[in-house]
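Scroll down for the structure; my scribbles are underneath it.
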Amino acid sequence: MRLLILIILPILGGLIAYLLPNIRGKASTIAIQSVSVGIALYNFMEVLGGGSYSLVLGNYSEVAGITLTADLLSSVMILITTFIFLLCIFYSMGNRKLESHFFFLYLVLQSCMTALFLTRDLFNIFVIVEVCTIIIAILIMYKNERSLYDSLIYLMNNTVAMIFFVFGIAVLYKNLHTLNLYQLAVRMTEAQLSGSYVAAYALLLTGICFKCALMPMFSWLPRAHAASGVPTVVSAILSSLYIKTGIFVFIRLRSIFLPLIDIDGYLLWITLATSLLGVILAVKQNNIKLILAYSTISQIGLIMSGILLGGYVSEAGALYHLINHIIFKSTLFLCAGIYIKHYGHKDIRRMSGAFRSLPLVSTACIFALLGVTGAPFFNGSVSKYFIQYGAKGTVAEYIILLINTGTIVYFFRFFRMMWGKREESKSVEAGCPFKGGAVAILGTLSLVGGIFAQRIMVVVFGFDHPIDPGLYIQKALIYFATLLLCWIYFRWRGDSVGRSSIIFSRRYSPSFNGISMMTCMFFMVTSVAILLVNRV
């Protein structure tokens, strides 16, 4: 019954927020959301101690009915989802522009994400994703006509991608006569490779890889996540949490098809290229939110690369990096929202003296930066170590090293803005204690997740692999050497990275037709790759 409560309770909180006046509605929302976090924690502890737990809605069999199942991965995702939503609502307490109907939609989005983590039916996943797409489109353009176009582009292109997904569901159902994930996994082991399965996998991958913002289908993400006027808490949820639903579904699909179709090698190069391209485009940006948005593309590519490397070590590192990315990217987006309010603009080149003006927020931001760049003793350091360890001795190892170096380069611009002349705040809201408290908690977790990384990985993933001191020290030396080179470069050239003559434009933004064409190209290339690799 707790699984159903985890889905229904956020909607109840949203309804109460809608009916009550602004301050009371927000306070009641925080109270109900705190209960949700408690139930999610209880569910995680129960699954950790007793294994997976399932609930079938209605008087139906497990295959015919709607089955909700909490395994260890889904329980972790639900726990961190409810916790981040709680902190984002707390962060928004002082924002008078966000009214009761905003929080209703916001919490319905949380409910849908929870349902997606729990459902074990492909068609239910499709329906939930479509509902989420509509809600997100509304949240992007909330009280802001400037982001209407970006919202519509997001809505229409995601709809196109999910048409591929639903066609893949239809082909799969025609061949295996079920959409239950467990039944699909069993029947797939008995199936014979044919054109129908090739088409089904290519269609499903196209839809879900679009959600993961893989190359070349990634331009919708910075457009939506950093759209002009989009609420900061929406950007934080989209970039840190919602995009992880795509990775979650990808993991499920890959495990189903892997006994029959293995194209991990092809997808690995796609994800590495995506991560590298994300780094290049992030370096080109001057808009603080666009830097973070393109950084998300790079980090998602890195996470999926770790999964596709195929080793137990790299996969565990990728899953831990997935959790870490939720923590430090939430922190960075929320901090970015405070800096934008404080300075009155988004141009990172014109921001300075942040640590003197906002010491608590800037400390949390620095902790998150140290995490995402892989500084020793911070959470990203350990997860990146295991991903790179799994790629040891391959070309992928050097590409990952280059990606990590690029990450330090563009985030060094954040480090630079911490120092310099102090500037007076352009908004009273920037100094809101609710905002400072939320980012302080998240920033602290970036440090805690590094110090206790191995213990957390043992508890959450059952992963107990020792860290080689020599390799870890070598990684730390490379990190500090890169920081030193960045410092020398910026001292010599100033903040001219955004004006550097790299091939790509500052904002890579194809039209709706362009993105749709790239989606079709991805489907065709993936189909050919499956045929060539598996020789159908």
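The values are calculated or read from the model by the stated rules, or taken from the named source; none is laboratory data. Since we're looking at a predicted model, the values are computed, not measured. Because the Cβ atoms are built from the backbone with ideal geometry, glycine has one as well, and the counts that use them run over all protein chains shown.
Numbers below:
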read-out: Checklist (1) of a type in the set (D, E, K, R); (2) in contact (Cβ under 8 Å) with a residue 24 or more places away in the chain; (3) surrounded by fewer than 16 Cβ atoms within 10 Å (Cβ to Cβ) applied to ARG455, failing item; value: (2)
read-out: TYR266 more than 20 Å from the chain's Cα centre (by Cα), more than 25 Å from VAL127 (Cβ to Cβ) and not in a loop (DSSP other than H, G, I, E, B); value: yes
read-out: Single match in PHE210, PHE165 (criterion: farther than 27 Å from VAL56 by Cβ and in a helix (DSSP H, G or I)); value: PHE210
read-out: Where a residue in segment 145-170 is closer than 19 Å to PHE523 by Cα and its partner, wherever it lies, is surrounded by fewer than 17 Cβ atoms within 10 Å (Cβ to Cβ) and among the aromatic types (Phe, Trp, Tyr), with Cβ under 7 Å and at least six apart; value: MET156/PHE512; ASN157/PHE512; ILE169/PHE123
read-out: Verdict on LEU334 being farther than 10 Å from SER446 by Cα, assigned by TED's automatic domain parsing to the domain that holds MET418 and within 23 Å of the chain's Cα centre (by Cα); value: yes
read-out: Selection from segment 397-417 of residues that are within 24 Å of GLY265 (Cβ to Cβ) and either over 22 Å from the mean Cα position of the chain (by Cα) or β-branched (Val, Ile, Thr) (or both); value: GLU397, TYR398, ILE399, ILE400, ILE403
read-out: Residues that are of a type in the set (Gly, Ala, Ser) and either over 24 Å from LEU3 (Cα atoms) or at pLDDT 85 or above (or both), drawn from segment 28-39; value: ALA31, SER34, SER36, GLY38
read-out: Failed item, numbered, when GLY449 is tested on (1) modelled with pLDDT under 85; (2) closer than 30 Å to LEU360 by Cβ; value: (1)
read-out: Subset of segment 475-506 that is of a type in the set (Gly, Ala, Ser) and outside any loop (DSSP other than H, G, I, E, B) - its residue that is modelled with the lowest pLDDT; value: GLY498
read-out: Single residue of segment 509-525 satisfying the filter (farther than 12 Å from MET215 by Cα and not hydrophobic (A, V, I, L, M, F, W, C)) that is modelled with the highest pLDDT; value: SER516
read-out: Considering residues of segment 213-244 that are among the aromatic types (Phe, Trp, Tyr) and assigned to a helix (DSSP H, G or I) only, the residue nearest to VAL160 (Cα to Cα); value: TRP220
read-out: Residues satisfying the stated conditions in segment 87-106, i.e. farther than 19 Å from CYS132 by Cβ, among the hydrophobic types (A, V, I, L, M, F, W, C) and not in a loop (DSSP other than H, G, I, E, B); value: LEU87, PHE90
read-out: Test: residue in segment 150-160 that is surrounded by fewer than 19 Cβ atoms within 10 Å (Cβ to Cβ), more than 30 Å from LEU334 (Cβ to Cβ) and outside the structural domain of ILE303 (by TED's automatic domain parsing); value: yes
read-out: Residue list for segment 181-219, restricted to those being more than 19 Å from ILE128 (Cβ to Cβ), under 27 Å from the mean Cα position of the chain (by Cα) and of a type outside the set (Ser, Thr, Tyr); value: ALA185, ALA200, ALA202, LEU214, MET215, PRO216, MET217, PHE218
read-out: Condition met for ARG187 (assigned to a helix (DSSP H, G or I), without any contact (Cβ under 8 Å) to a residue 12 or more places away in the chain and in the same structural domain as ILE530 (by TED's automatic domain parsing)); value: yes
read-out: Residue within segment 133-143 that is within 28 Å of VAL35 (Cα to Cα) and in contact with a Lys or Arg (Cβ under 8 Å, 6 or more places away or on another chain) present; value: no
read-out: Among (1) buried (at least 22 other Cβ atoms within 10 Å of the Cβ); (2) at pLDDT 85 or above - the single one ALA226 does not satisfy; value: (2)
read-out: Residue within segment 261-276 that is without any contact (Cβ under 8 Å) to a residue 12 or more places away in the chain and out of contact with any Cys (no Cβ under 7 Å at 6 or more places or on another chain) present; value: yes
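Listed here are the residues, each with its yes/no results for (1) surrounded by 14 or more Cβ atoms within 10 Å (Cβ to Cβ); (2) under 21 Å from LEU72 (Cα atoms); (3) not assigned by TED's automatic domain parsing to the domain that holds SER330.
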site: LEU445; (1), (2), (3): yes, yes, no
site: GLY462; (1), (2), (3): no, yes, no
site: HIS465; (1), (2), (3): yes, yes, no
site: LEU471; (1), (2), (3): no, no, no
site: GLN474; (1), (2), (3): no, no, no
site: ILE478; (1), (2), (3): yes, no, no
site: CYS486; (1), (2), (3): yes, no, no
site: TYR489; (1), (2), (3): yes, no, no
